[in-house]
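Report on the structure given below.
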Amino acid sequence: MARLELRNASKFYGKTVAVKDIDLVVDDNEFFCIFGPPSSGKTTILRLLLGLVAPDEGEVTIGGVAVGEQGPKERNLAMVFQNLALFPHMTAGQNLAFPLVERKLEKAAVMARVAEVAETLHITPLLDKLPAHLSGGERQRVAIGRALVRDPAAFLMDEPIAALDARLREEMRVELKRLQRELHHTIVYVTHDQEEAMSIADRIAVMEAGEIRQVGTPAEIYNLPNSRYVAELIGSPPMNFIDGTLAEGGRFEGGDVPLAMALDGAEGAGPAALAVRPEDIGIDSAGANGGVEASIYEVEPLGAFTIVDVSAGEQILKVQAPGQPRFTLGEPVRLALDPDRCHLFHGETGDLIRSAR
């Protein structure tokens, strides 16, 4: 177990900025996700922590100790890759044992540790099978087990379940969270899947172009995004944005959407974007008072809830309605927006002007 830290860390490849001025602390026994689109710097952070590359600026500490002079072996961090990298000619048990054999541990100690890890991961019946005879989820467990046998200071995982199908990914998310809680290990987990990050992380760092845009719990990232970039990235279905103008006194007027709303705490004037989650918009009948005039554009029933696309002015907005309401395409409706559930971002910089209450 260890506390991992990057202090003002930057890494450049020629004129390309991989990461810049990264300040990041991963607490002991924390499940920490690094989330962002491809090429945003996520994997570079793992490589800096592991020691595969050295920072051009700043430093890396593990357990409060600077490790700039240490290689990957001395840092005692375990890496789980997306491609798993299992030895195809070795059984699952031999793959698990490999890190311990390389360290020349006694055979009895190796066998005991392999048996312990296999039981924790529920793969004991698989120990005599070759990787080619295992399912994707089983191979994933073996790869995690091979890292686990070492009892490292922390685990670094680079999109380890991205290649699995949707159902297996759901199962593995639950297993990874269970393992982290039972074993009390620090895990740094890289993913471009927002659902993955939101479901398993204690905290999330949201990346963009080599920089960290926001760090917080899943609830903080979802409910209180600090920029339009973060707000757009998190949420499925995605957040709705209505571009318009903010006037003095906190009055917002939509451009393509016929909306006027007073927002307490909104200061300044100029271009702005009103943002609201699909679940925070209500759909009323056409005869209801107030609200925004709209019509039903498309309906996506998903069982427990329904995604309703509505046409408001010149824009399509998404509404998440509970259950399976019945709508007719083209049906006129009114949209109810609660000002307290609306965010406001600057129309040019994307900076936060006002959070939902």
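The values are calculated or read from the model by the stated rules, or taken from the named source; none is laboratory data. Since the model is a prediction, treat every value here as computed from it, not as a measurement. Neighbour counts run over all protein chains shown; Cβ positions are idealised from the backbone, glycine included. The protein model used for the area step is the full one, side chains on, heavy atoms only, and it has no ligands, DNA or RNA in it. Shrake-Rupley method; radii C 1.70, N 1.55, O 1.52, S 1.80 Å.
Enclosing the Cα atoms of region 196-257 in their convex hull gives a volume equal to 117 cubic angstrom per residue.
Which of the DSSP-defined H helices in the chain satisfy a minimum axial length of 20 Å, computed from C-alpha atoms, and a minimum mean Kyte-Doolittle hydropathy of -1.0? Long hydrophobic helices here: 107-121. The stretch between ALA286 and ALA66, if pulled fully straight at 0.36 nm per residue, gains 72.8 nm over its current Cα-Cα span.
Counting heavy atoms of the protein chains alone, GLU196 has an accessible area of about 10 Å² for a 1.4 Å probe. In percent, rounded to a whole number, the relative contact order of region 84-204 is 26, using alpha-carbon pairs under 8 Å and six or more apart.
Probe radius 1.4 Å, ligands and nucleic acids left out: which of TYR189, TYR297 has the largest accessible area, and how do the rest follow?
Reading off the accessible areas and sorting them downward yields TYR297, TYR189.
Counting only heavy atoms of the protein chains and using a 1.4 Å probe, VAL25 has close to 40 Å² of accessible surface. Between LYS129 and PHE87, full extension at 0.36 nm per residue minus the direct alpha carbon distance yields a gain of 13.9 nm. Segment ASP264..ASP338, full-extension length gain: 25.5 nm, with 0.36 nm per residue of separation and the alpha-carbon distance subtracted. Here r is the Cβ-Cβ distance between GLU182 and ALA247 and R0 is 41 Å; the resulting FRET efficiency, rounded to 0.05, is 0.15. Structural descriptor for the chain: relative contact order 15 percent, calculated from alpha carbon pairs under 8 angstrom and at least 6 residues apart. Using the Cβ-Cβ distance between THR217 and ASP28 with R0 set to 22 Å, the FRET efficiency from 1/(1 + (r/R0)^6) comes to roughly 0.85.
Under the classification rounded if a/c is under 1.5, otherwise prolate if a/b is larger than b/c and oblate if not, where does region 30-164 fall, given a ≥ b ≥ c as square roots of the Cα gyration tensor eigenvalues? In terms of gyration-tensor shape, oblate.
To put it simply, the accessible area of the chain at a 1.4 Å probe is 50 percent carbon and sulfur. Only one item in [x] 20.5, 68; [y] 21.4, 68; [z] 24.5, 79 matches Rg and Dmax of the Cα atoms in Å derived from the coordinates shown, and that item is [z]. Projecting label points 7 angstrom from Cα along Cα→Cβ for ALA54 and GLU300 puts them 4.9 nm apart. In this structure, the pairs whose alpha-carbon distance is over 22 Å, taken from LYS42/LYS177; LYS73/LYS104; LYS107/LYS129; LYS15/LYS73; LYS11/LYS177; LYS73/LYS177, are LYS15/LYS73; LYS11/LYS177; LYS73/LYS177. Here the relative contact order of region 270-319, from alpha carbon pairs under 8 Å that lie six or more residues apart, stands at 33 percent. Of the residues SER199, SER10, ranked by 1.4 Å probe accessible area with the largest first, the sequence reads SER199, SER10. Highest GNM mean-square fluctuation among HIS185, HIS343, HIS133, for the chain modelled with Cα contacts below 10 Å: HIS133.
The residues of region 146-229 have, on average, 39 Å² of accessible surface per residue, using a 1.4 Å probe with all protein chains present.
Computed with every protein chain present, the accessible area of MET198 is close to 50 Å² [probe 1.4 Å].
Reducing region 41-92 and region 97-163 to their Cα centroids gives an inter-centroid distance of 18 Å. Taking region 124-159 and a reference point 7 angstrom along Cα→Cβ of ALA115, the backbone N atoms nearer than 16 Å belong to 124-128.
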